[in-house]
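The values are calculated or read from the model by the stated rules, or taken from the named source; none is laboratory data. All values reported here derive from a predicted model rather than from experimental measurement. Here the Cβ positions follow ideal geometry from the backbone for every residue, glycine too, while neighbour counts run over all protein chains shown.
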Amino acid sequence: MPTTSVFKISSFSIFVIVLLGFAALFAPIIAPYDPMAQDLKNSFLPPFWLGGTSEHLLGTDSLGRDLLSRIIFGARAAVYVSVIGSFFAALIGVVLGLLSGYFGGALDALISRLVDAWMSFPSVLLCIVLAAVIGPGLETVIVAIIIIDWTRFCRVVRSETIVQKSSDYVSAAIIGGLSPLKILIKEVFPNIAPLLVTLLTLEMGIAIVVEAILSFVGLSSSHIPTWGGLIQEGRLYVNQAWWLMGAPVFCIVVVVLAFNLIGDSVRKRIDPVLRA
Amino acid sequence: MFGRYLMLRLLLAIPTIFCVAVIVFVLMRIVPGDPISMMIPPGASPDDIENLREIYGLNKPVLDQFLIWLNGIAEGDLGRSISLKLGVGQLILNRLPATLELVILSMGIAIFLAVTASVAAIRYKDTLVERVLDTFTGVAQAIPDFLWSLLLLLFFGVILPLFPITGRLDPSLSFDPITNFYFFEAIFTFRLDVVWDLLAHLALPSFALAFPLAASLSRVLRGSLSEAMSQDYITLAQVKGYSRLEVITKFALRNALIPTITLSGVQFAFLIGGTVLVEYIFSYPGLGNLAISAVVQRDLPLIQGLILTFAVMFVITNLLIDLSYALINPRLRGR
């Protein structure tokens, strides 16, 4: 069902993702203030359109720290965690998915049961327990993302590999005497790569939410600003200064929508069935 | 025949729960940090600490701790919470009704929204209505319940203060329930003021849980509805002169609902997991909120008990789904 039909999405998504990447890469340069610098005389300043000053565009928090700078540095943490987390989740998922789909048999049964068991437990709960076990920190969030989300990749890659395996070019490669490993890397993988791009885009959106959730419940690093951490702080003062929570929530929602919509449109472009 | 199938499924559920228990126990033992160190006052003597260890059984070998815990479960005793100093079983039983009320209401809202949206989209196919509904469905599904909670809290709790944003019931209402199923009890005792207040508190969290769920349900329902609409009995109904809306609701919907019902069973289990964050955000006194504070406090007995409770709820839900399949389709009973 097309979500792209009502308004032009792709350009919006690309704009958001480029902006996010830019903020993440150049955070120290573009942020107007040090995100940790306190200024207790200027705490709870509202954003400029609600009567604040142009010096603090989005206002300041309870300790007088500049909200805009904290948001920009939060983008850095979000991108860092979701890029690394998604990459390794994809790596594990793709390797296991390829092996399981290509070789079948006992290996496939084992991996498939593992994936089923993994996915039957609600990920939020698993994630929180896991993060509590490892202890708080950014690395914890990355590990949680990898451990929870490799199954998404594994399932799709497995079923796609089964489809590819029965195609003529793989038979030809087998007759040609290629080893299974070479067939997987040189023949099957390039054919599932477009699908992988879609999955990765969707996964980035999910990973950003996971990061927000874990920092929201206090299981990410408390030494650097994170979007979830900002939401958690903002929740405390939501009745006095709703923008402290509003700004990071707005950022996450926009980023998540952007990744979802781009995932949708990539899928449409590479999937001829959907395109027709 | 069906009785035997039921017995078999119930027996198979036991090892699953046992596995979860083992995993939970092992996970909790590799937590760095000592749960006792969280609860001692500054200046406690080593003797006091040793005493506490003994009370909570933390001085025994790990295997013994596990056997004591398992034995306790078999006797219905889940141990004592370290942070709250109360029986874990009692804590869970006190909180469970609040979570169940939230989950049931969310499920109801999700099904209502999904059915309304799908019927409307089929009724107004190829018009602006369908495209607007498409967009709404897409957005509702893309945003997870965690973010919906925060958005609803901001817009309808703070900027437009229509609903309360914390708690379950206004403490100024004098209401002394016998059970913890406040909502049902308030209805049966005709306390309409209490019912109203409970609904106001439930409104934001339940809609936050319902939106993504409604979106995924309505996608499935729309698929099966449009499939049903091409069947012969629909053409017959149209020839008989029923209006398009009547054809959809009276004939197509009934047949299209079956896949949606099975999906909502699966989703129900995930809804229970989703309550964790939503309850935390709205300070709603349910199991999920208890779970987060237990994790943050490193309260081992409470975490173990809670995860076991969640696992049992999943197993029961899955069991009910499978049984309903078997009731609908007798061929599945042999498996």
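The figures follow:
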item: Candidates A:LEU20, A:LEU58, A:LEU68, A:LEU25 - the one that is within 26 Å of A:ALA207 (Cβ to Cβ) and touching a Cys at 6+ places or on another chain (Cβ under 9 Å); result: A:LEU20
item: Enumerated helices (runs of 4 or more DSSP H) restricted to segment A:109-226, each holding at least 2 residues that are touching a residue at least 24 places away in the same chain (Cβ under 8 Å) and closer than 21 Å to A:VAL253 by Cα; result: A:123-134, A:138-165, A:189-216
item: Yes/no for B:GLU101 being part of a helix (DSSP H, G or I), more than 10 Å from chain A (Cβ to nearest Cβ) and touching a Phe, Trp or Tyr at 6+ places or on another chain (Cβ under 7 Å); result: yes
item: Hits in segment B:285-317 (condition: surrounded by 24 or more Cβ atoms within 10 Å (Cβ to Cβ), away from chain A (no Cβ under 11 Å) and over 24 Å from B:GLY57 (Cα atoms)); result: B:GLY286
item: Matching residues, segment B:260-284, being part of a helix (DSSP H, G or I), more than 14 Å from the chain's Cα centre (by Cα) and closer than 30 Å to A:GLU233 by Cα; result: B:ILE281
item: Segment A:252-267 - residue that is facing another protein chain (nearest Cβ under 8 Å) and of a type in the set (A, V, I, L, M, F, W, C) and, of those, surrounded by the most Cβ atoms within 10 Å (Cβ to Cβ); result: A:ILE252
item: Residue list for segment A:85-98, filter: surrounded by 20 or more Cβ atoms within 10 Å (Cβ to Cβ) and over 16 Å from the mean Cα position of the chain (by Cα); result: A:VAL94, A:LEU96, A:GLY97, A:LEU98
item: Restricting segment A:208-239 to residues that are under 14 Å from B:LEU150 (Cβ atoms) and of a type in the set (S, T, N, Q), the residue that is nearest to the other protein chains (Cβ to nearest Cβ); result: A:GLN232
item: B:PHE184 outside any helix (DSSP H, G or I), farther than 30 Å from A:ASN239 by Cα, out of contact with any Phe, Trp or Tyr (no Cβ under 6 Å at 6 or more places or on another chain) and not hydroxyl-bearing (Ser, Thr, Tyr); result: no
item: Residue among B:PHE146, B:PHE175, B:PHE136, B:PHE181 that is among the aromatic types (Phe, Trp, Tyr), within 13 Å of chain A (Cβ to nearest Cβ) and under 25 Å from B:PRO97 (Cα atoms); result: B:PHE146
item: Output for segment A:227-241, where each listed residue is part of a loop (DSSP other than H, G, I, E, B) and surrounded by 19 or more Cβ atoms within 10 Å (Cβ to Cβ); result: A:VAL238, A:ALA241
item: Within segment B:149-172, considering residues that are of a type in the set (Phe, Trp, Tyr) and in a helix (DSSP H, G or I), the one nearest to the other protein chains (Cβ to nearest Cβ); result: B:PHE155
item: Checking B:ALA120 against (1) touching a helix residue (DSSP H, G or I) at 6+ places or on another chain (Cβ under 8 Å); (2) within 12 Å of another protein chain (Cβ to nearest Cβ); (3) without any contact (Cβ under 8 Å) to a residue 40 or more places away in the chain; (4) assigned to a helix (DSSP H, G or I), the condition it does not meet; result: (2)
item: Yes/no for A:TYR102 being aromatic (Phe, Trp, Tyr), part of a helix (DSSP H, G or I) and more than 20 Å from the chain's Cα centre (by Cα); result: yes
item: Considering residues of segment A:111-139 that are within 15 Å of the chain's Cα centre (by Cα) and within 12 Å of chain B (Cβ to nearest Cβ) only, the residue modelled with the highest pLDDT; result: A:CYS127
item: Qualifying positions in segment B:232-269 - within 14 Å of chain A (Cβ to nearest Cβ), surrounded by fewer than 19 Cβ atoms within 10 Å (Cβ to Cβ) and of a type in the set (A, V, I, L, M, F, W, C); result: B:VAL266
item: Any hit, segment A:71-86, residues being part of a helix (DSSP H, G or I) and over 30 Å from A:ASP149 (Cβ atoms); result: no
item: Filtered residues of segment A:99-124 (kept if surrounded by 24 or more Cβ atoms within 10 Å (Cβ to Cβ) and either among the hydroxyl-bearing types (Ser, Thr, Tyr) or in contact with a Leu (Cβ under 9 Å, 6 or more places away or on another chain) (or both)); result: A:SER100, A:VAL124
item: When residues of segment B:265-282 are limited to those that are touching a Gly at 6+ places or on another chain (Cβ under 6 Å) and touching a residue at least 60 places away in the same chain (Cβ under 8 Å), the one nearest to B:LEU100 (Cα to Cα); result: B:THR275
